[in-house]
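S.K.: Here it is, the structure, as structure tokens.
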Amino acid sequence: MHGQTGDRLKNKFVVGHSAKGNVVVFIDDTVVVTENYLNPLLETLKDHPEGIAVPSYDYFTEMTASVEKTWSLMKWVFGWRLDIEAYELSFQEIANRQQDISMPAMVFDSSAFAIYKTYLEKLGSIKHDMRYAGSTDLSFATWLCGGGAYVVPCSRVAKVQSASTSMPGENKMKHMVAERYLTEKYLRLFRQVNPAPVSLTKEENNHLTIEKNFQKKCHRDFDWYMKTIVKEDVFVPSDEAVAYGYFNSKSGHVCFRQTPAMIFLGYYGCKMHSRGKMFEYLKSGQLRSGNDCITNGGKGGSYMVTDTCDYNKSSFKWITNKHRQFKSAANQCISHATDPYKENNERQVLMFTKCAEESNPSSFQWQLWNSFIWLDGV
């Protein structure tokens, strides 16, 4: 199958309805299958007849013509821009996993999957004109309409990894997906990170109304999906949050993750879920993740560390200047620099240093505000 994502999915449903067998397997032209990829998918469908079985991906790089191997265990997640990304499970997640042949996938890449024809026909019947707007649309519909999606680690395929480009009309499709599925709480988060207005034609508005009516046939809603399937794998900021995000450098190439010693080290290769904990900046001034807040500590108070939040201590409170740097009451800012104490092999570390408010912000790679999403126009 080739073409844009929405067209490919519609073509899959149209072709699938004409299939003669009980199981339909779809493979895009960007995917190369391995010899034994199919049997694990079929075994998964036996356990989940109203489900979609998805292989695990290795990535084939066009530039080098080489395959980049991933862990056998990986999963997809989505962000509030409704983009999806795969990431490898941590050792702890692997240790906690039950030894099933498959794992539930909150969202999945629809470039390759297997499905019973009867369930494909059911999914086609709840979608006007059988037109799914992309992988996120199909993933949400699968879970909300009584089925599920399952990634199968033993089924391996390779996918061509090309440069990421926006498809024509992609922003409009995301808005229509959000309006169709998301309940008000989550729709607000989507709108905050997708503030650009979208104008729908009369035909598109009619299409969306029909879609919402189709959706009423499904007995699950997005609140159920977030609580039951997503759980804590997608960050939802609290009502006290002014902003939220990861700590990464202004250049976007270095991301910071906590070590067991609770300090932050920089790592190259930023991805949605490889940067460590997501933090939220509260109205009361704390930078919080769970029950922990960022404070100055470590070597002479110079390293940034996390500790149990103390909402009364000034050392846990941060204000933002005109450049949206995070600044303490003592006019010290969170910055990053090559470890001056050389305890971390000259790695990049988050430090507590004197602010440089009057300097050109673009000249400071360590500024962190650009990795945060600022809510409600703050």
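S.K.: Among 289-296, 144-151, how do they line up from the highest to the lowest mean number of other beta-carbon atoms within 10 Å?
M.R.: Those peptides, ordered most packed to least, come out 144-151, 289-296.
S.K.: If you scale each eigenvalue of the Cα gyration tensor by 5 and take the root, what three semi-axes come out for the range 153-230, rounded to whole angstrom and sorted largest first?
M.R.: Computed over the range 153-230, the values are 25, 21, 15 Å.
S.K.: Please give the per residue accessible area of the range 148-237, computed with a probe of 1.4 Å over protein heavy atoms only, in Å².
M.R.: Ligands and nucleic acids excluded, the result is 56 Å² per residue.
The values are calculated or read from the model by the stated rules, or taken from the named source; none is laboratory data. Only a predicted model underlies this, so the values are computations on that prediction, with no experimental measurement involved. All Cβ positions, even for glycine, are placed from backbone atoms using ideal geometry, and neighbour counts span all protein chains on display. Side chains included, ligands, DNA and RNA excluded: accessible areas come from the protein's heavy atoms. Shrake-Rupley method; radii C 1.70, N 1.55, O 1.52, S 1.80 Å.
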